[in-house]
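The values are calculated or read from the model by the stated rules, or taken from the named source; none is laboratory data. All of these numbers come straight from a predicted model, not from anything done at the bench. Cβ: placed from backbone, ideal geometry, glycine included. Neighbour counts: every protein chain shown. Areas reflect the complete protein model, heavy atoms only, side chains present, ligands, DNA and RNA absent. Shrake-Rupley method; radii C 1.70, N 1.55, O 1.52, S 1.80 Å.
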Amino acid sequence: MHPPRTIGPVSTGRQRGHAATDATDDLRRAIVEGVLRPGDPLREERLAAELGVSRNTLREAMRTLAHEGLIAHEANRGARVTTPTRASVRDIYLVRRTVEPPSLRAAGPDHPAAVRMRDAVDAARAAARLGDWQAVGTADLEFHRAIVGLNDSPRLDAVLDSILAELRLAFGAFADPEFLHAPFLDDNVVILETFESGRGDEAAALLVEYLLRSERTLFDSPASRPATAR
């Protein structure tokens with residue numbers, strides 16, 4: 001079992017009526033950033049204290065994340081972070097291939113989301129130089145979130161937030177995050193630079209191949225733990 005990790009709220013002052021939404025966002029962020037990992041137990045008393053919310057508010061947030069497939073409630077055992085299955089990972093990549101490549105055709109390189117793409121690539125490279133592969137994974141997910149941001153669609157953004165949080169749980173099945181993320185660092189750079197040069201169709205084709213290879217890596221690598229092998 002992993003040692004306890006602190007999940008602090010993004011902001012220290014929660015507004016009435018927004019506490020459950022904020023707590024949901026904080027828990028989802030903790031999953032995306034690898035603070036919460038597959039199978040981690042979710043202790044209500046400790047989490048409520050860390051997030052600065054009541055236990056009722058926390059339960060509301062956890063119900064939302066259970067609906068998104070990020071938390072599982074087990075009889076007599078309480079709530080735990082979901083461990084992805086092969087079927088769920090396949091479905092994640094189906095959604096990604098449906099949404100992400102067309103996003104690169106939706107806007108030009110002058111779109112504000114292109115700046116987020118560049119920032120994410122720079123953050124991933126900086127983290128790799130420090131050997132912080134958890135941070136590389138977080139930056140990689142932000143890169144793909146920024147790609148979908150090219151659509152200017154809050155609904156697609158919300159879908160990707162949930163999908164990428166679930167994907168981070170699949171990443172958590174890897175004992176060696178460097179093995180998982182290192183091969184894709186340069187690919188992100190190539191996709192970004194292709195898009196920045198105004199070749200959105202070519203960037204989209206590169207991303208399709210990238211996503212297929214990423215899915216194969218999750219399933220076929222000996223560095224993966226059994227969690228996603230079922």
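Side notes on the structure shown:
- Leu70 in contact with an Asp or Glu (Cβ under 9 Å, 6 or more places away or on another chain) and either under 22 Å from Pro177 (Cα atoms) or touching a residue at least 40 places away in the same chain (Cβ under 8 Å) (or both): yes
- Filtered residues of region 202-219 (kept if under 19 Å from Gly149 (Cβ atoms) and over 19 Å from the mean Cα position of the chain (by Cα)): Ala203, Ala204, Leu206
- Set Phe171, Phe143: member being at pLDDT 95 or above and either assigned by the TED database to the domain that holds Val35 or under 13 Å from the mean Cα position of the chain (by Cα) (or both): Phe143
- Flag for Leu212 being within 19 Å of Leu94 (Cβ to Cβ), open to solvent by 60 Å² or more (accessible area, probe 1.4 Å) and at pLDDT 95 or above: yes
- Members of region 12-31 that are touching a helix residue (DSSP H, G or I) at 6+ places or on another chain (Cβ under 7 Å) and either modelled with pLDDT under 75 or more than 29 Å from Val89 (Cβ to Cβ) (or both): Arg14, Ala19
- Residue count for region 192-211 under the criterion of being in a helix (DSSP H, G or I) and in contact (Cβ under 8 Å) with a residue 24 or more places away in the chain: the result is 12.
- The listed residue being buried (at least 17 other Cβ atoms within 10 Å of the Cβ) and more than 14 Å from the chain's Cα centre (by Cα), out of Leu58, Leu36, Leu70, Leu65: Leu58
- Among the residues of region 73-99, those that are β-branched (Val, Ile, Thr) and open to solvent by 10 Å² or more (accessible area, probe 1.4 Å) comprise Thr82, Thr83, Thr85, Val95, Thr98, Val99.
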